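Pasting in a structure now, in structure tokens, and then I'll have a few things to ask.
All of the numbers you see were taken from the coordinates with simple rules; none came from a lab. The shown structure was predicted, so the numbers you read here are calculated from the model rather than taken from an experiment. Here the Cβ positions follow ideal geometry from the backbone for every residue, glycine too, while neighbour counts run over all protein chains shown.
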Amino acid sequence: MSPDSALNLASDEAFRCAPMLRFPLGESTELVYFPLRRIAQVLSLPEVRLLANCSQFASLDEHANRSANELCADGESALGLLRDFQRAGLMLSHTELVNRLGTLSDAEKPAELSWLAIPTSGRPEELLR
């Protein structure tokens, strides 16, 4: 789903922050990379905090209300920013996640873990390695 098609989703659709990597650019900004979208954005720290606060699926209204309480932000401003994030593709909808999972083939599924070894007593080099 492209960010443009995200505009057509229902207002009660559940969203969460898309997976992201954060790189500080100074005291007040961060470069945030979204690997699913292959896009990067420079965001202010309050914007990054708001986005990171949306780690569970919920409607944008619910995220805005919760974030206003937890981050001492204005609910209307938070909702406006979240809508901007959604339009820019920085939010992942539940529908998109389900659609992405449905397109995985068996070849793309990760291999199963067959065993696990944990070095024990008297082998500190193996533990460090």
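Can you order the peptides 48-54, 73-79 by their average number of other Cβ atoms within 10 Å per residue, highest first?
Numbers: 48-54: 19.9, 73-79: 15.7.
Ranked by mean Cβ neighbours within 10 Å, highest first: 48-54, 73-79.
Still on this structure, please answer the following. Among rounded, prolate and oblate, which fits segment 26-72 when a ≥ b ≥ c are the square roots of the eigenvalues of its C-alpha gyration tensor, a/c under 1.5 means rounded, and a/b larger than b/c means prolate? Display every interim value, and only then the final one.
Details: a/c = 3.34, a/b = 1.34, b/c = 2.48.
Judged from the Cα gyration tensor, segment 26-72 comes out oblate (a/c at least 1.5, b/c at or above a/b).
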